[in-house]
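Below is one structure, written out as structure tokens, with a few remarks after it.
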Amino acid sequence: MVTNWNGELYISLAVIFFSIIGSFFILRLDWKKYGLLYVLSAFVGNVLCYIFVTIGFYTFPNRFFPNITSMPILTVSTAFPFLVLFGVHYSPELWKWKIPFYWTLVHIGVFAETFVLSRTDLIQYTFKWDLFDSYSWWWIYLLLFEWVGNLIIPNNIRRPIPVETFYFGRLGWGFVHFVLIVTIFLAGYYLGVLNSEPYDFP
């Protein structure tokens, strides 16, 4: 059972709720195919999270069912699959255009993780893990399931963003550059703050 309701758990609940809603709108296009992708991504996400928690890379001080599990199973089982479904459903057809698409998605995800890391007690890194590790695994996870999604999801139930959207001066071009510039600036600021503070090794 949840021991104490606090702001962190309300954030988790909001993430779970909106992830379920977002996933539903994609799942309803084909419950079997998108459902299989959802289950696979949730399973792999939980396995990876379990391995990293067991090794001691990070902990989750505030989570649902703390007496049952050491990791946020509900969040991992909803938010991660939603990102996978969103990516597979909307990513451009050609790989050279998938890269800026996922680049933007990864930066948004890492920004959200950094905010949670620095402003809440939902997750805590140990000295063995840092944002670069997290950034790398976001790429690995999402590109892996982009490849898997290409094997499972046919083109007729996908809605790839037109490549013209990413051309110079277009909305997609502007959005990608805005996200990358802002998140890279904030990452530099965050690293500067970390370097200015002494770190207490466990």
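Just so it is clear, none of the values below were taken in a lab; they were calculated from the coordinates. Model, not experiment: these values are computed from the prediction. Counting neighbours? That spans all protein chains shown, and the Cβs are built from the backbone with ideal geometry, glycine included.
For the pair residue 136 and residue 55, the difference between a 0.36 nm per residue extended length and the Cα-Cα distance amounts to 27.4 nm. Compared with the dominant Cα axis of the chain, that is its longest principal axis, helix 7-27 is turned about 20°. The alpha carbon centroids of segment 147-165 and segment 87-111 are separated by 12 Å. In this simple spin-label approximation, residue 96 and residue 126 carry label points 7 Å from Cα along the Cα→Cβ vector, and these lie 4.4 nm apart. The fraction of Cα-Cα pairs per 5 angstrom bin, counted from 0 for segment 7-195, comes to 1, 7, 15, 19, 19, 18, 12, 6, 2, 0, 0 percent, rounded to whole percents.
Annotation: lysines with alpha-carbon distance below 22 angstrom to residue 33 (same-chain offsets under eight excluded): 98. By how many degrees, between 0 and 90 and to the nearest 10, does the Cα long axis of helix 31-55 differ from the longest principal axis of the chain? The two axes meet at around 30 degrees. With the simple model of a label 7 Å out from the Cα in the direction of the Cβ, residue 17 to residue 143 spans 3.6 nm. In terms of other Cβ atoms within 10 Å, 63, 158 run from fewest to most in the order 158, 63.
Listing 177, 89 from fewest to most neighbouring C-beta atoms within 10 Å gives 177, 89. Any chance you could give the angle, 0 to 90 degrees and rounded to 10, that helix 131-152 forms with the longest Cα principal axis of the chain? Once rounded, the angle reads 40 degrees.
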